[in-house]
Amino acid sequence: MAITNYTELKAACANYLHRAGLTDRITEFIAIGESQLNRKLRVKEMEANAAITPSTSVRYVALPAGYMELISFTDSFGDPLTAVSAEELEKLAYGIGATQPRYYRISSRIDFEAVADQTYSFTMRYFKRLDIDTDLTNSVLTNHPDCYLYAALMQSAPYIKDDARIMTWKSLMDDAISAANSQSARSNQLLRTEFTGRSFNINRGY
């Protein structure tokens, strides 16, 4: 059967387990398995863009929804902002007036070295957290259903005391994650080879 949404994923888990009375637990297996995917899986289907507008009153803004890991952070010209430590950021911030922020630090929020002197729009590209329980489907499940299935089944084995299956499901999950990550890395590498050398920016004139 195809596995393209949350309902089909739960049904597939039930089919593999051949156990009655696990309906409520299967949602837990999927949730815990998904948390492992969020830690280990880094594929293009998890990439997202967010417009970040630095505040004109404070030096920080909230992280975009579902933020997990940064890919790039650029200004409106496509130039990257510079990541620094908390100590370096405080040194840069000392005595500075309002200006266009150029340095940042990410923790539970995005901190800049300066309050913005006007409205700027930055672009943050990042890996977004998977949340199948809320979204009901996503492109990771569509393109890599084995990652979700084996991650959930691995969590089921300790619960039903099927110790012999723990390493089986783990091996299948690890292989699925590795294959998905490798496929995504190859795809990104092919894209990068299409852009060699420095690009011309019409706004800057170079």
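Computed with every protein chain present, the accessible area of HIS144 is close to 10 Å² [probe 1.4 Å].
Taking amide H as placed 1.01 Å from N in the peptide plane, the amide H of TYR60 sits under 5 Å from that of SER55, PHE112, each at least 5 places away or on another chain. Derived scalar couplings between HN and Hα for segment 128-140 equal 9, 5, 6, 8, 5, 5, 8, 7, 6, 7, 7, 6, 5 Hz in order, rounded to whole Hz, by the Karplus curve 6.51 cos²θ - 1.76 cosθ + 1.60 (θ = phi - 60°), x for Gly and Pro. In segment 1-30, which residues have a backbone nitrogen under 20 Å from the label point lying 7 Å from ASP135's Cα in the Cα-to-Cβ direction? So the set is 2-13, 27-30.
Return one whole number: the accessible area per residue of the chain in Å², for a 1.4 Å probe.
Result: 58 Å² per residue.
Computed from Cα atoms, the angle from the helix 23-40 axis to the main principal axis of the chain rounds to 40 degrees.
Cα gyration tensor of segment 134-178, axes a ≥ b ≥ c as square roots of the eigenvalues: rounded (a/c below 1.5), prolate (a/b > b/c) or oblate? Taking the square roots of the gyration eigenvalues as a ≥ b ≥ c, segment 134-178 is oblate. Counting only alpha carbon atoms, the long axis of helix 145-159 and the longest principal axis of the chain meet at about 60°. Here percent of Cα pairs over 29 Å apart was computed from the coordinates, and among (1) 43; (2) 25; (3) 39 the match is (1). Rolling a 1.4 Å probe across all protein chains gives TYR6 an accessible area of roughly 20 Å². Counted over the chain, the DSSP beta bridges are approximately 90% antiparallel. For segment 1-76, a/c is not less than 1.5, where a ≥ b ≥ c are the root eigenvalues of the C-alpha gyration tensor, and a/b tops b/c. That puts it in the prolate class.
Subtracting the Cα-Cα distance of TYR120 and SER107 from 0.36 nm times their residue separation leaves 2.6 nm of extension gain. For the chain, the relative contact order is 29 percent, taking Cα pairs closer than 8 Å that sit 6 or more residues apart in sequence and dividing their mean separation by the residue count. Rounded to the nearest 500, the helix-only mean residue ellipticity at 222 nm of the chain stands at -14000 deg cm²/dmol, with each DSSP H run of n ≥ 4 adding -39,500 (n - 2.57). Share of carbon and sulfur in the accessible area of the chain stands at 51%, probe radius 1.4 Å. Straight-line cross-link partners of LYS170 among the lysines, defined as a Cα under 20 Å from its Cα and at least 8 positions apart when in the same chain: LYS10, LYS40, LYS161.
Derived scalar couplings between HN and Hα for segment 171-187 equal 4, 5, 5, 4, 5, 5, 5, 4, 5, 5, 4, 5, 4, 5, 4, 5, 4 Hz in order, rounded to whole Hz, by the Karplus curve 6.51 cos²θ - 1.76 cosθ + 1.60 (θ = phi - 60°), x for Gly and Pro.
By its C-alpha gyration tensor, with a ≥ b ≥ c as the square roots of the eigenvalues, how is segment 75-129 shaped: rounded for a/c under 1.5, else prolate for a/b larger than b/c, else oblate? In terms of gyration-tensor shape, oblate. Placing MET167, MET173, MET68 in order of accessible area, with the largest value first and a 1.4 Å probe, yields MET167, MET68, MET173.
The values are calculated or read from the model by the stated rules, or taken from the named source; none is laboratory data. On a predicted model such as this, the values are computed, not experimentally measured, just so you know. Glycine gets a Cβ as well: all are built from the backbone with ideal geometry, and neighbour counts include every protein chain shown. The accessibility values were calculated without ligands, DNA or RNA, using every heavy atom of the protein model including side chains. Shrake-Rupley method; radii C 1.70, N 1.55, O 1.52, S 1.80 Å.
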